[in-house]
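> First the structure, then my questions, so here it is.
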Amino acid sequence: MLDFELLLVLLTAVSGVIWLFDRWRRRRRPADARVSWWVDLGRSLFPVIIIVLVVRSFIVEPFRIPSGSMLPTLEAGDFILVNKFGYGLRLPVSHDLIVPVGEPALGDVVVFRYPVDPSQDYIKRIVGLPGDTITYTGKRLAINGEPVPIERLGEWSGDDAFNLFRERLGDDWHEMIEHRGSSGRGFSFTVPEAHYFVMGDNRDRSSDSRFWGPVPRENLVGKAFFIWLSWNGGPNWSRMGDVIE
């Protein structure tokens, strides 16, 4: 299957060549000369395609949430926007860093290319920065020996088999859920340089760094920040316009 980003680059290149060819030919042909349909199509599409490429590659990109691994923060069927320039500008397709901007922070919800299969995009929350030692014991996180602050809010309204909590990573609080019947998998792990440890907010129903390791810095796509549409068998108006925390 052809990668959409690569397809967009190829379409930009082809339509750009047609646009340049048309400008060159325009100086040498009569004003009333007929133009081939493919030249007319290419020169018309070029400005549109290049705007889409620039916006999608360097500013913001839409994604759809496919699963419930980030409940209650994100639901399956949420359509989100991802900030593409917050962690630095990267070239499309090759993903080479060209302009360093900012660094990921603890608690950021990030989209990234799955380390096991980079053709797939995943979304999780950063719970460990480079050099941090992450400990998970009795379903409780500690970072560099400091327990992560957490508050139980009661049963989760989405399913009474889950408990709802508030957890603080860095300066910000977010909600997460745990299944009451699961004991959790304990571990201790030191995050390598230029890597990030990520976990889903649905702690007992998430495939994340606990199972396949940390995310390399170059795999990060951007920070999720906004739900612009929520549709799972129908619209969920209450979630549209929510800021992702």
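> When the residues of the stretch 191-223 are filtered to those that are of a type in the set (Ser, Thr, Tyr) and open to solvent by less than 30 Å² (accessible area, probe 1.4 Å), which remaining residue is farthest from Gly107 (Cα to Cα)?
Once the filter is applied, the top-ranked residue is Ser206.
> On to the next question. Could you check how many residues of the stretch 1-59 are more than 30 Å from Ile98 (Cβ to Cβ) and either at pLDDT below 85 or open to solvent by 100 Å² or more (accessible area, probe 1.4 Å) (or both)?
16
> May I ask you to list the residues in the stretch 65-100 that are of a type in the set (Asp, Glu) and outside any loop (DSSP other than H, G, I, E, B)?
Asp78
> Continuing with the same structure: Are any residues in the stretch 99-114 touching a Gly at 6+ places or on another chain (Cβ under 8 Å) and either among the small types (Gly, Ala, Ser) or surrounded by fewer than 16 Cβ atoms within 10 Å (Cβ to Cβ) (or both), and if so, which ones?
Val99, Pro100, Val101, Gly102, Ala105, Gly107
> Sort out for me the strands (runs of 3 or more DSSP E) sitting completely within the stretch 133-178 that have 3 or more residues that are open to solvent by less than 30 Å² (accessible area, probe 1.4 Å). Give the steps one after another, and end with the answer.
Working: elements: 133-137, 140-143, 150-155, 162-169.
Passing ranges, in order: 140-143, 162-169.
> Every residue in the stretch 127-173 that is over 26 Å from the mean Cα position of the chain (by Cα) and among the β-branched types (Val, Ile, Thr), please.
Thr137, the sole residue that qualifies.
The values are calculated or read from the model by the stated rules, or taken from the named source; none is laboratory data. Since we're looking at a predicted model, the values are computed, not measured. No Cβ is skipped: glycine too gets one built from the backbone with ideal geometry, and neighbour counts run over all protein chains shown. Just the protein is used for accessible areas: all its heavy atoms, side chains included, with ligands, DNA and RNA removed. Shrake-Rupley method; radii C 1.70, N 1.55, O 1.52, S 1.80 Å.
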